[in-house]
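Each remark here refers to the structure printed beneath this line.
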Amino acid sequence: MSSLFPIRTCMLGRLLLATALLAAALFTVVPPAEAAISGRYLAASGDSIVLTLDVPAGSSAIIVEQTIAAGNQVVATSPTASKVSARGVKWLFKNVQAGTITLTTRLSAPLRGGVAATVRYHQPGSGQFTELHIRP
(Lines give C-alpha, C1' and ligand atoms only; values in the text may rest on other atoms or scores of the structure.)
Protein backbone atom coordinates (compact mmCIF):
# COMPACT_ATOMS: atom_id res chain seq x y z
CA MET A 1 0.00 0.00 0.00
CA SER A 2 2.79 2.38 0.80
CA SER A 3 4.08 2.15 -2.78
CA LEU A 4 0.70 3.40 -4.14
CA PHE A 5 0.61 6.41 -1.85
CA PRO A 6 3.05 8.55 -3.95
CA ILE A 7 1.06 7.75 -7.11
CA ARG A 8 -2.22 8.78 -5.48
CA THR A 9 -0.64 11.98 -4.16
CA CYS A 10 0.76 12.78 -7.60
CA MET A 11 -2.62 12.17 -9.26
CA LEU A 12 -4.40 14.22 -6.59
CA GLY A 13 -1.91 17.04 -7.13
CA ARG A 14 -2.52 16.97 -10.87
CA LEU A 15 -6.27 16.96 -10.37
CA LEU A 16 -6.07 19.95 -8.02
CA LEU A 17 -3.80 21.81 -10.45
CA ALA A 18 -6.15 21.09 -13.37
CA THR A 19 -9.15 22.25 -11.32
CA ALA A 20 -7.36 25.46 -10.33
CA LEU A 21 -6.38 26.21 -13.92
CA LEU A 22 -9.92 25.56 -15.16
CA ALA A 23 -11.38 27.82 -12.45
CA ALA A 24 -8.90 30.57 -13.32
CA ALA A 25 -9.81 30.32 -17.00
CA LEU A 26 -13.55 30.40 -16.30
CA PHE A 27 -13.47 33.30 -13.86
CA THR A 28 -10.86 35.54 -15.46
CA VAL A 29 -12.34 38.94 -16.25
CA VAL A 30 -11.06 40.40 -19.48
CA PRO A 31 -11.31 44.20 -19.48
CA PRO A 32 -13.23 45.65 -22.42
CA ALA A 33 -11.28 47.31 -25.20
CA GLU A 34 -10.78 50.98 -24.57
CA ALA A 35 -13.32 53.18 -26.22
CA ALA A 36 -11.76 55.45 -28.80
CA ILE A 37 -12.89 58.66 -30.41
CA SER A 38 -13.91 58.18 -34.02
CA GLY A 39 -14.70 60.74 -36.68
CA ARG A 40 -15.65 61.30 -40.29
CA TYR A 41 -16.29 64.09 -42.72
CA LEU A 42 -19.92 64.63 -43.65
CA ALA A 43 -19.00 67.36 -46.14
CA ALA A 44 -15.72 68.53 -47.64
CA SER A 45 -16.73 70.38 -50.78
CA GLY A 46 -18.41 73.64 -51.67
CA ASP A 47 -18.02 76.35 -49.06
CA SER A 48 -18.74 74.08 -46.06
CA ILE A 49 -16.57 71.54 -44.29
CA VAL A 50 -18.41 69.40 -41.73
CA LEU A 51 -16.60 66.96 -39.43
CA THR A 52 -18.29 64.83 -36.77
CA LEU A 53 -16.61 63.17 -33.81
CA ASP A 54 -18.13 60.37 -31.75
CA VAL A 55 -16.83 60.76 -28.21
CA PRO A 56 -17.02 57.94 -25.64
CA ALA A 57 -17.76 58.46 -21.97
CA GLY A 58 -14.76 59.39 -19.86
CA SER A 59 -13.03 61.65 -22.39
CA SER A 60 -11.69 64.80 -20.79
CA ALA A 61 -10.02 67.09 -23.33
CA ILE A 62 -9.80 66.95 -27.11
CA ILE A 63 -7.70 69.00 -29.53
CA VAL A 64 -8.86 69.06 -33.16
CA GLU A 65 -6.65 70.58 -35.85
CA GLN A 66 -8.16 70.83 -39.28
CA THR A 67 -5.67 71.54 -42.05
CA ILE A 68 -7.03 73.28 -45.14
CA ALA A 69 -5.13 73.68 -48.39
CA ALA A 70 -3.54 77.10 -48.99
CA GLY A 71 -5.68 79.62 -50.84
CA ASN A 72 -8.87 79.01 -48.82
CA GLN A 73 -10.25 81.65 -46.47
CA VAL A 74 -12.24 80.66 -43.36
CA VAL A 75 -15.13 83.03 -42.66
CA ALA A 76 -16.88 81.20 -39.79
CA THR A 77 -16.63 78.14 -37.55
CA SER A 78 -19.13 76.37 -35.35
CA PRO A 79 -18.49 75.95 -32.54
CA THR A 80 -16.16 78.93 -32.37
CA ALA A 81 -12.60 77.79 -33.01
CA SER A 82 -9.73 78.47 -30.60
CA LYS A 83 -7.54 79.53 -33.53
CA VAL A 84 -8.02 80.23 -37.24
CA SER A 85 -5.02 80.68 -39.53
CA ALA A 86 -4.22 80.56 -43.23
CA ARG A 87 -3.42 76.83 -42.85
CA GLY A 88 -6.50 75.76 -40.92
CA VAL A 89 -8.59 75.72 -37.79
CA LYS A 90 -7.94 74.54 -34.24
CA TRP A 91 -10.50 73.66 -31.58
CA LEU A 92 -9.86 72.83 -27.93
CA PHE A 93 -12.59 71.08 -25.98
CA LYS A 94 -12.36 70.66 -22.20
CA ASN A 95 -14.63 68.60 -19.94
CA VAL A 96 -16.14 66.80 -22.92
CA GLN A 97 -19.41 64.90 -22.57
CA ALA A 98 -20.03 61.60 -24.34
CA GLY A 99 -21.86 61.97 -27.63
CA THR A 100 -21.35 63.57 -31.02
CA ILE A 101 -19.49 66.80 -31.70
CA THR A 102 -20.14 68.45 -35.06
CA LEU A 103 -17.52 70.91 -36.32
CA THR A 104 -18.45 73.18 -39.21
CA THR A 105 -16.08 75.43 -41.14
CA ARG A 106 -17.44 77.91 -43.68
CA LEU A 107 -15.20 79.21 -46.43
CA SER A 108 -15.44 82.41 -48.49
CA ALA A 109 -15.50 80.32 -51.69
CA PRO A 110 -15.71 76.63 -52.63
CA LEU A 111 -12.94 74.50 -51.14
CA ARG A 112 -9.82 74.37 -53.29
CA GLY A 113 -7.46 71.50 -52.54
CA GLY A 114 -7.76 69.09 -49.67
CA VAL A 115 -8.70 69.02 -46.04
CA ALA A 116 -7.67 66.72 -43.18
CA ALA A 117 -8.10 66.61 -39.42
CA THR A 118 -5.88 65.47 -36.57
CA VAL A 119 -7.59 64.69 -33.26
CA ARG A 120 -5.44 64.44 -30.13
CA TYR A 121 -6.66 63.14 -26.80
CA HIS A 122 -5.90 60.82 -23.88
CA GLN A 123 -7.70 57.46 -23.81
CA PRO A 124 -10.32 57.24 -21.05
CA GLY A 125 -9.10 54.81 -18.41
CA SER A 126 -5.45 54.32 -19.38
CA GLY A 127 -4.62 57.95 -20.14
CA GLN A 128 -2.62 56.85 -23.19
CA PHE A 129 -2.03 59.71 -25.63
CA THR A 130 -3.74 59.05 -28.95
CA GLU A 131 -3.63 60.81 -32.29
CA LEU A 132 -6.35 60.13 -34.85
CA HIS A 133 -6.05 61.25 -38.49
CA ILE A 134 -9.24 61.79 -40.49
CA ARG A 135 -9.56 62.43 -44.23
CA PRO A 136 -12.69 62.74 -46.35
Please go through the stretch 63-101 and pick out each residue that is touching a residue at least 40 places away in the same chain (Cβ under 8 Å), within 16 Å of Leu53 (Cβ to Cβ) and in contact with a Leu (Cβ under 6 Å, 6 or more places away or on another chain).
-> Ile63, Ile101
Mind listing whichever residues of the stretch 27-69 are among the aromatic types (Phe, Trp, Tyr) and at pLDDT 90 or above?
-> Tyr41
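Take residues that are surrounded by 15 or more Cβ atoms within 10 Å (Cβ to Cβ) and of a type outside the set (Val, Ile, Thr) and tell me which of the strands (runs of 3 or more DSSP E) falling wholly in the stretch 44-136 contain 2 or more. Before you say what the answer is, go through the steps one by one.
Numbers: elements: 48-55, 61-68, 74-78, 83-85, 88-94, 99-107, 115-122, 129-134.
Once the strands (runs of 3 or more DSSP E) in the stretch 44-136 are filtered for at least 2 residues that are surrounded by 15 or more Cβ atoms within 10 Å (Cβ to Cβ) and of a type outside the set (Val, Ile, Thr), what remains is 48-55, 61-68, 88-94, 99-107, 115-122.
The values are calculated or read from the model by the stated rules, or taken from the named source; none is laboratory data. Source: prediction; values computed, not measured. All Cβ positions, glycine included, derive from the backbone under ideal geometry; neighbour counts span all protein chains shown.
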